[in-house]
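One structure is given here, and the rest of the page talks about it.
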Amino acid sequence: MSVDTITINRQRGIFEGQASFWLFGYGSLLYKAGFPYLEYRPATIRGWSRRFWQGSHDHRGTPEAPGRVATLVEEPGAVCTGMAYRITPEVLEPLDVREKNGYLRFTTTLMFADGDTAQGLVYIATEDNDAFLGPAPAMEMARHIAQSSGPSGPNRDYLVGVAAALGRLGAEDAHVANLMQALQEVETGSETRRAGRSPARPGTV
Ligand code: BEZ
């Protein structure tokens, strides 16, 4: 049974009554906001890792052939770099609709480069949502991403956009780097030419 995340997110009432608040982006929001904001700042959150473990039925895939996009999974000690946008509350309604495919609103502590901290909102697709795909070997995920496409465009453009934005921020993300390497092998055909040799950093990431 699919869950109505739009209604749940409205009921959560997070930051209700505040004139503005921070939204933490770690996926497509890293390279494209698509909504008005008051300011933006690179930020990190602790205890969460970015993982391409969420199925995308409505942006980078279709219900019949979902793509693979980012969510956050809890990992003690992990640091996830993203982009924080200071937004006004009315921005959330369209975002709830845009991210209705399993993403729920949570609050988290954001850390900025100057040492400031703030409470912020983040959308997370938890493993109990219907579209959750979970982990898979890097090459399998890269093949899946290479062949998926949806109304927002090719799935590989999403991965490349996330990786490029992290590069501009000077942020290291081993999961994304591993997927990029695997994608390159898929797209250049080097995975077949290298047959008999193990692909770069095999295994589940
Ligand atoms: C993001 O790019 O951070 C994002 C925003 C909404 C839902 C999922 C991810």
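Readers should treat all values here as calculations from the given coordinates under stated rules, not as data from a laboratory. These numbers come from a predicted model, not from an experiment. Note that each Cβ is placed from the backbone with ideal geometry, even for glycine, and that neighbours are counted across all protein chains shown.
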If each part is reduced to its alpha-carbon centroid, region 32-88 and region 105-160 end up apart, in Å, by 4
Applying the span-like rule to the chain (DSSP H, Cα extent along axis at least 15 Å, Kyte-Doolittle mean at least 0.5) gives none
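How would you rank 179-185, 49-55, highest first, on the average number of other Cβ atoms within 10 Å across their residues? Mind dumping the intermediate values first?
Details: 179-185: 20.9, 49-55: 23.4.
With the highest mean Cβ count within 10 Å placed first, the list reads 49-55, 179-185.
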Cβ-Cβ cut-off under 12 Å around G34, Lys and Arg +1, Asp and Glu -1: the net charge is +1
Length gained if T109 through A19 is fully extended, taking 0.36 nm per residue and subtracting the Cα-Cα distance, is 30.6 nm
If the label point sits 7 Å along Cα→Cβ of T88, residues of region 13-35 with amide N under 13 Å come out as 18-21
Diffing region 40-45: the Karplus 3J(HN,Hα) column from phi (6.51, -1.76, 1.60, θ = phi - 60°), in whole Hz with x for Gly and Pro, holds 9, 8, x, 8, 10, 10
Those GluC sites (Glu not before Pro) from region 1-66 that are DSSP loop and have at most 11 other Cβ neighbours within 10 Å turn out to be E16, E64
Label model pair T62, D4: point-to-point distance (7 angstrom along the Cα→beta-carbon line) in nm is 2.8
Here the relative contact order (percent) of region 6-192, from C-alpha pairs under 8 Å and at least 6 apart, is 27
Percent antiparallel among DSSP beta bridges confined to the chain, rounded to 5, stands at 95
Note: K32 to V97 extended length (0.36 nm per residue) minus current alpha-carbon separation gives 21.7 nm
